[in-house]
Structures are given as structure tokens and as C-alpha cells.
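Structure first, commentary second.
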Amino acid sequence: MNRHIGRSWGGPGDCEALCPCPKAPCGLVDFDNVDEECEQHPPFRCKTIRTGHLPEDCPGVGRDVVVAMKRTIEARRAVVAAADEWDGVCFSFELDDAIDEYRATVEHEAAERIRTLDRRKVDRFADAWEEGVEHAAELIDPDVEYPEDDEEGW
């Protein structure tokens, strides 16, 4: 049963971001390569699969968003852990660093979501796309370059 599957509604989400399974280009899990240690995707875990598609129908974008989501979730957990260990001192370098990392990862996730938008859905805004959306992603997260357009312009 060769499919890309996910436990989140409508596409890859937290379940896929946090699991050890290899990801397909869309960010979902390749059913034929699920990690047996995963708590979410192996069939014997009896969890509901909420989204999926055949490999030939894969949109090919989304893996970067899932990687960014994982970083955001891990950074948030670091903020919570640092706050739990706070010993009453007015300033904590660890907490300050964790918050900065969280902010940076949230911004990166937002920029990756912009970069990987399905351009076919915004085709009626083609002029705005070229002038605005890519520029917005660059302003949010300047360290990452845009993906190159393929021959069809997607």
C-alpha cells in the first residue's frame, strides 16, 4: 500500500513533525517506510489516518514546513523547561536564549509556509505573488533562499 499518510487533518502537522518516520516530499509519512518505533503511523498502533494521497499525486512541497514545525515545537518545549527550572532570579540567560530560539523558529516556519504555498491556488494574484509574497518571506527569514521554479513555473 504505497501512500503518503498523516494523522493530522488536511496535511502534515504536529504528529508528523514529531515522529521519527521518514518524510515524503509533501511532509507526510511514506507508509512503506514507517518507523516501527513511531507512536503514530505504524498500522499496529491502530491510530486514525486522517490524510493521505498516492505518491504520483504528491504535491512535492511540505517537508520544509514539517522540519520548521518540529524546530518550533522543540524550541517551545525549551522555553517551558527553562521556565520550570527558574530559581527566582530576575533574569535567566537560558530562558532568554530559549525565547530567542522560539521566536526565530516561528518566523522560519511562517516563511517556509509562504515559500511552499501552492502557487496554483494564488494564480489570480500572480503579479502580487512575484512582488509581495516572496519579498515577505525574505523579510521574515532572510537566511533561507527561495526554491527555484521548475519548468512549469511552480
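Things worth noting here:
- Residue within segment 28-51 that is under 11 Å from the mean Cα position of the chain (by Cα) and at pLDDT 90 or above present: yes
- When residues of segment 35-84 are limited to those that are touching a residue at least 40 places away in the same chain (Cβ under 8 Å) and among the basic types (K, R), the one farthest from V106 (Cα to Cα): K47
- For segment 28-48, the tally of residues that are within 16 Å of P12 (Cβ to Cβ) and crowded, with 16+ Cβ neighbours inside 10 Å stands at 8.
- When every residue of segment 49-58 is checked against the conditions, none turns out to be within 18 Å of E112 (Cα to Cα), among the charged types (D, E, K, R) and assigned to a helix (DSSP H, G or I).
- Checked against the criterion of being part of a helix (DSSP H, G or I) and touching a Phe, Trp or Tyr at 6+ places or on another chain (Cβ under 8 Å), the candidates A104, A78 yield just one match: A78.
- Which listed residue is surrounded by 17 or more Cβ atoms within 10 Å (Cβ to Cβ) and modelled with pLDDT of 80 or more, from A75, A104, A111, A82: A75
The values are calculated or read from the model by the stated rules, or taken from the named source; none is laboratory data. These figures come from a predicted structure and were not determined experimentally. Don't worry about glycine lacking a Cβ; one is built from the backbone with ideal geometry, like all the others, and counts go over all protein chains shown.
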